[in-house]
Structures are given as structure tokens and as C-alpha cells.
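So the structure is just underneath, and the comments pick up after that.
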Amino acid sequence: MKWLFTIIFAVAVLLAVIANVTMPKGEHDDVVCTLVWATDENPARAEQMELFRMWYLDKYHEKIDIRIDPLNYDFSKIVVQSLSGAGPDLFDYFGCQALERFISSGIILDVTDEANAHGFNKELVWEGVWASFVSNGRQYAFPDNVANYTLIYQKKLFHDAGIPYPKGDWTWDEFLEVAKKLSHPREGGMRQFALLAVSPMTLIYQNDAHMFTTEGTRCTFDSPQAIQALQFFEDMRTKYKVMPTAADLASQAAIGGWGGNEPNLFATGYFASVLAGRYWYIGFARDAQQAIAQGKPSPFDLGVAPVPYFKHQWGKAGARCTGISRTSKHVKYALRFQQYLASEPYNRQINRTFDALAPVKKYCTGPQGIADGAPPLPGLEGANDSIWVTAMKYAHDAEVSPFIPAYRVELLWTEMSQAFDSGDLTAEQMLRRFTSLVNEEIQRNVKRHPALHAQYEVSLEKERRQ
């Protein structure tokens with residue numbers, strides 16, 4: 001009986017080998033590996049993955065495959081699955097707050113040495129977003145794209161009001177005078193506003209305020225400069241009514257006037273301008289193409305202008321980045337994917353599809369300009385305006401302190417902002433409360449961790465000497 005089972009097993013193995021050798025090869029049988037990329041279901045991902053396959057074959061002379069995993073594109077899922085050995089090879093995140101969480105979880109791979117050796121280090125990228133993928137001098141990812149913001153405006157509403165299109169630098173006081181003329185009731189009871197949205201942090205930083213002291217030992221967002229800027233933000237909403245409050249947006253949505261996210265609100269034509277990113281043009285181009293296909297004119301005629309400022313120009317910036325899981329079984333190939341993110345084919349694709357800005361500076365400032373290929377549709381020419389590149393010169397990621405996690409600062413800011421938006425706190429009360437909460441948490445962290453306390457004392461001494 002033992003010999004019978006042995007013979008049957010040997011025959012089965014032989015048949016399996018013969019079948020494997022003689023059966024038709026599948027499409028992916030000869031690839032070196034298949035990378036799993038935890039990212040969103042952006043339609044651009046299909047083209048980006050195909051470009052990666054082509055780039056890899058051309059550079060390394062072998063085939064590779066890649067697929068996305070949008071269902072597990074979440075911080076907690078990535079961490080849990082990676083710790084169990086079942087996580088993705090690659091995962092996307094946005095900004096320094098998310099990077100800090102992945103570093104503290106121990107999941108994200110330090111790629112500094114490989115990045116320097118194979119030409120995808122931070123020096124290629126806009127300096128304003130280094131904090132999104134670099135921490136304490138070490139590189140942990142490479143950006144997929146870079147988001148900054150400028151003023152997009154509706155040419156028709158400026159024309160109807162007899163106001164010249166904005167050109168060159170302008171202050172918030174100059175903007176306010178224009179905004180008053182662009183804000184008024186329209187037929188049907190709904191109000192037209194000059195500005196849909198701007199982050200109050202933009203105004204605060206423009207007014208020479210800082211989130212933290214130079215070494216990050218203390219939050220200073222309750223300074224007179226910060227309070228003045230936030231009060232101006234509130235005045236635009238409630239005193240001058242050139243920008244909608246949260247209640248304005250909610251009331252109009254309730255009666256069926258406005259609804260949806262900010263790009264859809266802007267497209268209603270009730271807002272003369274908005275502080276927005278180049279990626280908004282993805283939706284604008286889609287809607288324009290649909291209208292033209294139906295024999296209608298494009299619904300957009302948009303211009304771009306510099307963001308108004310207080311004492312100096314300052315703009316918010318951040319990067320969507322791709323990190324590598326430390327538990328990946330394909331680290332060698334995942335590193336090559338990060339190398340691909342620094343390549344010309346990938347960066348040209350980002351610019352051509354309006355997916356914010358390409359991460360590598362030289363592909364945004366060469367003789368071909370921001371994007372190659374066909375020009376934008378009529379009314380959307382601003383997508384390729386050099387203003388997006390100019391704005392990166394004064395764009396920055398969030399200020400951080402080594403003594404409090406960046407995501408905790410963001411959570412506290414969101415909590416206080418909600419109380420401010422609802423009218424429960426004045427501008428001064430909001431900033432003083434936020435600053436107090438941040439400083440209280442800094443002190444708790446320093447007392448709880450001896451190593452952090454030692455670092456804090458050193459930083460405090462540096463600030464004293466300054």
C-alpha cells in the first residue's frame with residue numbers, strides 16, 4: 001500500500017510538471033513580481049500603472065506587474081495588515097501628519113540610502129513639501145504629486161461687474177474692495193459671493209505669525225498677528241459678507257440651491273473666486289468635455305491670479321506620497337517604483353492630466369512648460385499658467401514641533417475651528433484656546449518621556465540663546 005501511494009504521488013507530480021510546461025502561458029506568467037499599491041481609484045491610476053510597466057521593461061529589461069488595492073487605502077488597515085505580513089508593498093498618504101503616524105507605527109521603510117544612490121532623493125522635489133516625506137533628515141517616501149493653491153476666478157462675474165481681471169500681486173485689503181462689488185443678492189433670493197473659501201491658516205502665516213517657537217518648544221498661535229488675521233477672515237464672512245459662513249452653505253443646500261463639495265459649489269456660478277489647487281481642473285475638464293460632446297459650449301471661462309497677502313506671500317502646500325511597507329516581500333521592486341515616480345514619463349503624465357503638479361521641479365520649469373500634449377480646452381487655459389510654478393516658491397507644508405505629533409495639532413485645530421465656525425468662540429478665544437491646548441499637550445508629552453524631556457531642555461536652551 002505504501003508503494004502504491006508513492007507511485008501515485010510521483011505520477012501526479014510528473015503530470016503537474018508536464019501540464020505546467022505544455023499549457024499556454026498566461027499574460028503574467030513571466031513577470032518578476034506583482035506589486036500591490038494601496039491607493040485610491042483615481043482613473044489616472046490605470047495609465048500610471050501601464051507607464052510603470054513600460055518604463056520598467058525599458059530600464060530593467062524584464063516584465064513587472066502592479067495592481068491597486070483601494071479597499072485597504074486606510075492608515076489603520078495598512079498598519080494592521082503590514083504587521084501581520086499581509087499588507088501592500090506600496091501605500092499612499094498625504095502630508096507630514098500622515099508620515100509621522102507611519103513612522104511612529106514602524107511600518108514605513110527608510111529609503112534614504114537607496115534614494116541617494118538611484119536618483120530619487122529630496123533634492124529633485126519642491127523644497128516646500130519636503131516635510132511630507134522627510135523627517136529628521138531621513139527620507140521615507142517619494143511624492144506622487146504636489147498640491148499648492150492659487151486664486152481661480154470666474155471671468156464672467158468680473159466682466160458683469162465691470163471689474164478688470166486681477167493681475168499681479170495684491171493685498172487682502174485690495175481684494176476686499178473688489179470683493180464688495182462682487183458680492184450681492186441675485187434673483188431667486190440666493191447671494192453671490194466674491195470668495196468661496198480660503199484657509200484661515202494662509203492668512204495667519206501671511207501676517208508674520210508662527211505656529212511654534214523656532215525649536216518647537218511652545219505654540220505661539222495666540223500672537224496679535226494671528227488674531228488680527230483670523231479676525232479679518234471672520235469679517236469677510238460676517239461683517240462684509242463676501243465669503244459664505246458654514247450656516248450660509250448649509251441653508252442654501254437645505255433649500256436645494258447649493259450642495260456637494262467645493263468644486264461643485266464653485267461650478268454653480270455663485271462664487272466669483274476660490275483658493276484652490278490645480279487638481280480642480282480634472283473635474284472642470286471632464287464637465288467641459290461632456291458639454292462639448294453634447295453640442296454645448298464649455299461651462300467654464302476661468303482665470304488664475306496670485307493669492308492676496310498681508311505682510312508677505314505664503315501658501316499652503318503638501319504632497320501625496322508613496323511609501324514602502326517594511327514587511328513587503330518585494331522591497332527591491334518597490335524601491336524601483338519610487339524611482340519611477342521621479343521619471344520623466346510619470347511626471348509628464350501628472351502635469352498633462354492636471355493632477356496637481358509633478359513632484360520633480362525640472363519637469364515643471366523646462367521649455368515645454370507645466371504640461372506637454374494638447375492644450376487645455378477653451379476656458380481652462382489657466383491650468384497651464386506659470387503661476388502654479390511661481391506659487392511654489394513661497395509654498396510650505398505645515399509647521400511641526402518634535403514635542404507633539406502633527407496629527408494631534410491638526411485634530412485640535414479642527415476641533416477649535418468647528419467651535420469658531422459655529423459662533424461659539426471669537427477669533428481671539430479660538431486661538432487662545434487652541435494655543436493653550438497644544439502647549440498643555442507638549443508639557444504632558446515632555447513629562448511622560450525622559451528622552452523627549454532631555455531633547456526639550458536642549459531645545460529650550462537654544463531658544464534662550466537666540
Longest site-free stretch - the chain; sites: trypsin sites (Lys or Arg not before Pro), DSSP loop, at most 14 other Cβ within 10 Å: 26-166
Would you mind working out the magnitude of the charge dipole of the chain relative to its Cα centre, with +1 at each Lys and Arg C-beta and -1 at each Asp and Glu C-beta, to the nearest 20 Debye? 260 debye
Do you know the relative contact order of the chain, to the nearest whole percent, from alpha carbon pairs under 8 angstrom that are 6+ apart? 23 percent
Explain nothing, just the number: dipole magnitude of segment 72-197 about its Cα centre with +1 on each Lys and Arg Cβ and -1 on each Asp and Glu Cβ, in debye rounded to the nearest 20. 660 debye
Farthest positive-ward along segment 225-360 dipole, Cα basis, beta-carbon charges - from Phe284, Ser273, Pro359: Pro359
Backbone N under 20 Å from the Arg448 label point (7 Å along Cα→Cβ), restricted to segment 376-416: 400-416
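Quick note: the coordinates plus some simple rules give every number you see, no bench work behind them. Keep in mind that what you see is a predicted model, and the values were worked out from it rather than measured. Ideal geometry is used to build each Cβ from the backbone, glycine not excepted, and the neighbour counts take in all protein chains shown.
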